Structures are given as C-alpha cells and as structure tokens.
Amino acid sequence: MSAVPRRQWTWTRPIPSRWADAWLERTAFVGLDRLAIVEKPGVKLARLEAYPETEAVGRKLVKHFGGRLRQVAAAAWLKKAEPAAPIRFGKKLVVAGKKPAKGDDFGGAAVLTIPAGLAFGTGQHATTGMMLRELAGLKEWESARVLDAGTGSGILALAARALGAPEVEAFDYDATALRTARENEKRNFRRPAIDWQERDVLKWKSRARFTLITANLFSELLVKRAAVLAQALRPGGLLLVSGVLATQAPAVRRALDAAGLAEEQWKRRGKWTMARYRRPLPLPTLRKRVTS
C-alpha cells in the first residue's frame, strides 16, 4: 500500500508584476517558510504563492491580503528554510537568523536575532538592507526619538533600540505584524521598551515630533503622506524612506520636495532605492534695530 502524501496548504494571489518584490516583503511578517513569485514574460500580472504550515496562518493571509487558500499534496522539495548567515551592517549592527553561539565575535556590534522564516524582514531584501546600513552609520543615538512607520517585522525599530535610541515608537496597520514585532523584541531584549501601535498610515497623524523617522513603504503611500511625515519631524530631523523602485523615485522626490523637506541623498541597489531627507531648521528671526 502506498503511503498517503502529507497535505500542504497553499495560498495564491494575483499581483502586478512590478510590485512582486514589494509583496514578498510585505507578507513576510506572518512567518512563512517559503514565498514564491510565478511570472510569465510579457504578462503584467504575476502570481504570489505562499506555503503556510497551518490552515490558521493561511486564513490570516486571506483575511489581510485576499487571494485563495487550498490544500494540496506537499511537494518533495518543500523544506523548512535554514537560518541565514549573520549579515553585518557597518561596524555597529549584525542581524542573524538564529541566536549566535557562545564565542562568536562581532567586534562589539549590536546583534539582532530574527527567525529565518521572516527572510524578507531580516535585511536580506534590498529595501530593508539599505535602511539598516543607513541606521548603522548614524551617530548621536543617545538623544534620538525614533518613529518606524509601517514596521512589519519590527526590524528597523529594533535596530534603532539596539543602536541606543532611548525612545522608539512603531506602527503598522496589521495586528499580526505587531504581534510578530513584539515577539522579536522579547527575543532580543530583556524588557519591552518600544511603543508598538496599530495604525493605518493613511489615517495616521502624530502630535509628537521625532528626530528620526524610518518609512519603508509602498511609493504610493510615501507620495500621499509625505506632508504628514514631514510635519512629524522636529526641525533638523531626518527622514529615511525606502521601498521605492527606481522608476517610482521621481514621484516620491516631487512629493517630499513639495512637503518642504531638504534632499540629502538617494541610493540605489538593483532596482530599489532609498533616500535621506531632512526638515530644515527655521531661519533666524531678524530684529530691526531702533535708533533714536
């Protein structure tokens, strides 16, 4: 008698081909072991496939992202992802897929542990990697007040805390993402300190003012909320944006310029870009000298 094959849940969703990498990164926080994109030359729509280990995880995908969940025989090649090798970002930050072994020497760098199942939230993807490298190169963390908009797995907020920021806030519209982010904070720190909030960036406004804002978001969201992000910065504060395809960079640049922010730098890795913008300091008030 032949063995009955193990059953496997498969989730699929049609997506625009140009947004393939962005969708991979956005869905990573649910803790999937494998994600795949199926594309055909000349076709504008692609198919995003994910292979959740349980029906519950699959139903979360349907709830939050639409698409279709079905049960099929597991493919022989479907194996659990191996933890990625530690990735170093400058001299101050390392991200590892599993807890480093005793004796591992990272030269005093802060080490974050993010599970291998969250591959697109660990810095392997260009959009996250560029942001982490930028954060690792910043100074004066001891007085930083940081906001991470669209936090996902929480890695940028966690990096800011690991690098020394005393105040860190982070929000995402998805409760599952926030649960994952909180778990990652527990995994890396003895006590919780980050203020995690469930917010929709399209409705979010802040009375607080931050010295640093990170926004790894779809370019459409950056364009629509550029002015709101600018207002949330203190004068002299820094905004780091990512998740922007090179073809979409001009529209994002126009929106950030219109919001009154000063462009400092754009960087590119493959087809992805990130940028640094700063809120200008106010001009000194000129007083007229009265003479008798």
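Do you know which residues across segment 147-178 are of a type in the set (S, T, N, Q) and more than 23 Å from Gly90 (Cα to Cα)? Talk me through it step by step, then tell me what you get.
Step one: filter segment 147-178 for residues of a type in the set (S, T, N, Q), giving 151, 153, 176.
Correct list: Thr176 only.
Of the conditions (1) more than 26 Å from Val95 (Cα to Cα); (2) in contact (Cβ under 8 Å) with a residue 60 or more places away in the chain, Trp272 fails just one. Which one is it?
Trp272 satisfies every listed condition except (1).
Give me the residue from segment 205-227 that is more than 19 Å from the chain's Cα centre (by Cα) and not basic (Lys, Arg) and, out of that set, surrounded by the most Cβ atoms within 10 Å (Cβ to Cβ).
Going through the qualifying residues, I end up with Ser206.
All but one of (1) under 24 Å from Ala165 (Cα atoms); (2) out of contact with any helix residue (DSSP H, G or I) (no Cβ under 7 Å at 6 or more places or on another chain); (3) surrounded by fewer than 21 Cβ atoms within 10 Å (Cβ to Cβ) hold for Val201; which doesn't?
The one condition Val201 does not meet is (2).
Considering only residues of segment 9-56 that are among the β-branched types (Val, Ile, Thr) and either on the phi > 0 side of the Ramachandran plot or at pLDDT below 75 (or both), which is surrounded by the fewest Cβ atoms within 10 Å (Cβ to Cβ)? Talk me through it step by step, then tell me what you get.
Within segment 9-56, the first condition is being among the β-branched types (Val, Ile, Thr), and the residues that meet it are 10, 12, 15, 27, 30, 37-38, 43, 54.
This time we only want the ones that are either on the phi > 0 side of the Ramachandran plot or at pLDDT below 75 (or both), so: 27, 30, 37-38, 43.
On the way: Thr27: 22, Val30: 23, Ile37: 14, Val38: 11, Val43: 9.
The qualifying residue surrounded by the fewest Cβ atoms within 10 Å (Cβ to Cβ) is Val43.
Any idea which residue in segment 228-261 is surrounded by the fewest Cβ atoms within 10 Å (Cβ to Cβ), counting only those that are assigned to a strand (DSSP E or B) and of a type in the set (Gly, Ala, Ser)?
Per the criteria, the residue is Gly236.
How about segment 135-163: which of its residues are of a type in the set (Asp, Glu) and either modelled with pLDDT of 95 or more or touching a helix residue (DSSP H, G or I) at 6+ places or on another chain (Cβ under 9 Å) (or both)? Steps first, answer last, please.
Restricting attention to segment 135-163, the residues satisfying the condition of being of a type in the set (Asp, Glu) are 140, 142, 148.
Asp148, the sole residue that qualifies.
Is there any pair with a first residue in segment 210-231 that is closer than 9 Å to Leu256 by Cα and a second that is not hydrophobic (A, V, I, L, M, F, W, C) whose Cβ atoms are under 7 Å apart and which are 6 or more apart or on different chains, and what are they?
Hits for this filter: Ala230/Gly260; Ala230/Arg279.
Would you point out which residue out of Ala193, Ala170, Ala162 is more than 14 Å from the chain's Cα centre (by Cα), among the small types (Gly, Ala, Ser) and not in a helix (DSSP H, G or I)?
Numbers: Ala170 fails: more than 14 Å from the chain's Cα centre (by Cα); Ala162 fails: not in a helix (DSSP H, G or I).
Among Ala193, Ala170, Ala162, only Ala193 is more than 14 Å from the chain's Cα centre (by Cα), among the small types (Gly, Ala, Ser) and not in a helix (DSSP H, G or I).
Which of the numbered conditions does Glu183 fail, given that it passes all the others? Conditions: (1) over 30 Å from Thr113 (Cβ atoms); (2) part of a helix (DSSP H, G or I); (3) among the acidic types (Asp, Glu).
Only one criterion in (1) over 30 Å from Thr113 (Cβ atoms); (2) part of a helix (DSSP H, G or I); (3) among the acidic types (Asp, Glu) is unmet by Glu183, namely (1).
The values are calculated or read from the model by the stated rules, or taken from the named source; none is laboratory data. Computed from a prediction, not measured in an experiment: that's the story for all the values here. When we count neighbours, we look across all protein chains shown, and the Cβ atoms used for this are built from the backbone with ideal geometry, even at glycine.
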